[in-house]
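Undergrad: Below is one structure. I have some questions about it.
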2 protein chains.
Amino acid sequence: MPAAQPPMTPETAETAAAADGAAPADSTAPRAKGRPRSAAADRAILDATREALAELGWGGLTMGHVATRAKVAKTTLYRRWPSKNELVVDAVASLFDELVMPDLGSLRADIEAVVAQFADLLARPESQAALLALFAEGTRDRQLHRRIREAIVDPQKRLVRQGRSAAQARGELAPDTDPVAAVEEIDIIFDTIAGTVEHRVLVSGEPITPEWTRRFTGLLLEPFPSLATD
Amino acid sequence: MPAAQPPMTPETAETAAAADGAAPADSTAPRAKGRPRSAAADRAILDATREALAELGWGGLTMGHVATRAKVAKTTLYRRWPSKNELVVDAVASLFDELVMPDLGSLRADIEAVVAQFADLLARPESQAALLALFAEGTRDRQLHRRIREAIVDPQKRLVRQGRSAAQARGELAPDTDPVAAVEEIDIIFDTIAGTVEHRVLVSGEPITPEWTRRFTGLLLEPFPSLATD
DNA sequence: CAGTTACGCTACGACTCGTAGCGAAAGCAG
DNA sequence: CTGCTTTCGCTACGAGTCGTAGCGTAACTG
């Protein structure tokens, strides 16, 4: 859950514009005084954003179009999200909540299942249109990079940690000795899985077939001969 | 789709706008009749594009700004490239010409060298700003996708083929038996190397250190125990 | 020379962005 | 109910960008 329910409170605009500084600890019950924001409008806007992404792509997406499609005034849109980037992050982030670690009883099966889930996610038009463009903007906008990390990257990395822990509990992998090395190992495995699947689907433009998933998983498991059996 | 341009093709734009399949196969002499296009303007535009990418990023790059910086009329720009996407492909593609297969005498050393080269390339601001954005547009624009493939992806994939052939000549890898399987193996290795490095640098935002390169190369070489020795 | 094409320049319509102002609506505290 | 506050939809606006058209001039060919 990307902690973006009330995406931009009057203070959040400052957070987005200014810097990573002191956001007042307003964590509970902001004690609304006037007319509350319409939750229905939130949902309508995010749905409209996803639909527009799938139809028009990142370049064709305009705030005015989203507002019209969501049957909402453009002003309402800007009251919640400061720009297109933030809006799309929130619109796409929910898609990544679907990713789950299945725990199928073997590391091989778990990896294959996660790869298949991720491949299905990347096959969606709204994902394709948004993900790379978001990453591109994220290389220049540190705020945006943080939000992408929290809403999209971290949920994925969590799966790697879960699968690894499960395999350790089963005895398939050795328990951690050096915690620092463990983090590095998780990072490299995560970048490998996510990067390879993304490159295959979004750059090479080739589909992720079960056969491909089998071969790729085999490549990952070769370092562990006892797991690499077909 | 960019509508058919008038000529749009004095040599540079031909490889650029290779989309135009109906272009006469004038591989020899197009018989220039009027005033020739300024090659200096071509270089100035591409240089200005790279500089502007590094300074302003993809989102901040405007055709007008590039034209001004290149000391060229905006019209001259549009005479050669139909849109920002095509211009940036050509501006960035030349960077990938630097990639070479060193042939250092062992597959491990070759892979590490190529990874290091690619990492250096991705560390450049103009690459970071452009590459992911281009890939994003390429998921919707088939013409652009082809140009990216030809100008950027294929040069990279060629390195994998070269390194693989060299390793086979050395006897480190078995010769090809099934040519179809060989292509698939090259594809999966290529997507793994390119995707992982891209994800590490552009998404995770972590640098590619020699130590990381060593570990990642080790992961790739595990399937070949005789090569996996440190 | 004439013929052809590229060039720089200006101007334009269409579009998007993000903001401001307005009156009306929807909550909350008394 | 009556204020008070905030959001809502709507209209309008300035700024900026896009891609194109028209014009006179420059450069190169035969």
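Undergrad: Please verify whether A:ASP110 is surrounded by fewer than 20 Cβ atoms within 10 Å (Cβ to Cβ) and in the same structural domain as A:HIS199 (by TED's automatic domain parsing), treating the condition exactly as stated.
TA: It is false that A:ASP110 is surrounded by fewer than 20 Cβ atoms within 10 Å (Cβ to Cβ) and in the same structural domain as A:HIS199 (by TED's automatic domain parsing).
Undergrad: Restricted to region B:48-74, and to residues that are open to solvent by 50 Å² or more (accessible area, probe 1.4 Å), more than 12 Å from DNA strand D (Cβ to nearest atom) and over 17 Å from B:LEU122 (Cα atoms), which residue is nearest to the other protein chains (Cβ to nearest Cβ)?
TA: So, considering only residues that are open to solvent by 50 Å² or more (accessible area, probe 1.4 Å), more than 12 Å from DNA strand D (Cβ to nearest atom) and over 17 Å from B:LEU122 (Cα atoms), the one nearest to the other protein chains (Cβ to nearest Cβ) is B:ARG69.
Undergrad: Same structure again: Scan A:PRO30, A:PRO24 and give me the residue that is at pLDDT below 70 and within 15 Å of DNA strand C (Cβ to nearest atom).
TA: A:PRO30
Undergrad: Out of region B:54-113, which residues are among the basic types (Lys, Arg) and within 18 Å of B:PHE190 (Cβ to Cβ)?
TA: B:ARG108
Undergrad: Separate question: Give the residue, chosen from B:VAL114, B:VAL100, B:VAL92, B:VAL180, that is under 24 Å from A:TRP212 (Cα atoms) and away from DNA strand D (no atom under 16 Å from the Cβ).
TA: B:VAL180 is the lone residue from the list that is under 24 Å from A:TRP212 (Cα atoms) and away from DNA strand D (no atom under 16 Å from the Cβ).
The rows are residues; the columns are (1) surrounded by 20 or more Cβ atoms within 10 Å (Cβ to Cβ); (2) more than 13 Å from chain B (Cβ to nearest Cβ).
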{"site": "A:VAL114", "(1), (2)": "yes, yes"}
{"site": "A:PHE118", "(1), (2)": "yes, no"}
{"site": "A:LEU131", "(1), (2)": "yes, no"}
{"site": "A:ARG149", "(1), (2)": "no, no"}
{"site": "A:ARG158", "(1), (2)": "no, yes"}
{"site": "A:GLN162", "(1), (2)": "no, yes"}
{"site": "A:ALA194", "(1), (2)": "yes, no"}
{"site": "A:THR217", "(1), (2)": "yes, no"}
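Undergrad: Still on this structure: Can you name every residue in region B:65-88 that is more than 8 Å from DNA strand C (Cβ to nearest atom), free of Cβ contacts under 8 Å to residues at least 24 places away in the same chain and not hydrophobic (A, V, I, L, M, F, W, C)?
TA: B:HIS65, B:THR68, B:ARG69, B:TYR78, B:LYS84
Undergrad: I want to confirm something. Restricting to region B:90-107 and keeping residues that are small (Gly, Ala, Ser), within 12 Å of the chain's Cα centre (by Cα) and over 15 Å from B:ALA52 (Cβ atoms), which single residue is surrounded by the most Cβ atoms within 10 Å (Cβ to Cβ)?
TA: B:ALA93
Undergrad: Here are some conditions: (1) modelled with pLDDT of 95 or more; (2) more than 30 Å from B:THR217 (Cα to Cα). B:GLY59 meets all but one. Which one does it not meet?
TA: (1)
Undergrad: Same structure again: Report the residue count in region B:68-102 for those that are assigned to a loop (DSSP other than H, G, I, E, B) and among the hydrophobic types (A, V, I, L, M, F, W, C).
TA: So the count comes out to 7.
Undergrad: For region A:120-129, what are the residues that are more than 8 Å from chain B (Cβ to nearest Cβ) and open to solvent by 10 Å² or more (accessible area, probe 1.4 Å)?
TA: A:ASP120, A:ALA123, A:ARG124, A:PRO125, A:GLU126
Undergrad: When you go through (1) of a type in the set (Asp, Glu); (2) at the interface with chain A (Cβ under 9 Å from one of its Cβ atoms); (3) assigned to a helix (DSSP H, G or I) one by one for B:GLU206, which number turns out not to apply?
TA: Only one criterion is unmet by B:GLU206, namely (3).
Undergrad: I need the full set of residues from region A:164-186 which are within 12 Å of another protein chain (Cβ to nearest Cβ) and either open to solvent by 50 Å² or more (accessible area, probe 1.4 Å) or under 27 Å from A:LEU56 (Cβ atoms) (or both), in order please.
TA: Result: A:VAL183, A:GLU184, A:GLU185.
Undergrad: Taking A:THR139 as meeting all but one of (1) within 15 Å of DNA strand D (Cβ to nearest atom); (2) crowded, with 19+ Cβ neighbours inside 10 Å; (3) on the phi < 0 side of the Ramachandran plot; (4) within 11 Å of chain B (Cβ to nearest Cβ), write down the number of the exception.
TA: Among (1) within 15 Å of DNA strand D (Cβ to nearest atom); (2) crowded, with 19+ Cβ neighbours inside 10 Å; (3) on the phi < 0 side of the Ramachandran plot; (4) within 11 Å of chain B (Cβ to nearest Cβ), the lone unmet condition for A:THR139 is (1).
The values are calculated or read from the model by the stated rules, or taken from the named source; none is laboratory data. If you're wondering where the values come from, they're calculated on a predicted model, not measured in any experiment. Don't worry about glycine lacking a Cβ; one is built from the backbone with ideal geometry, like all the others, and counts go over all protein chains shown. Just so you know, the surface numbers come from the protein's heavy atoms only, side chains and all, with ligands and any DNA or RNA stripped out. Shrake-Rupley method; radii C 1.70, N 1.55, O 1.52, S 1.80 Å.
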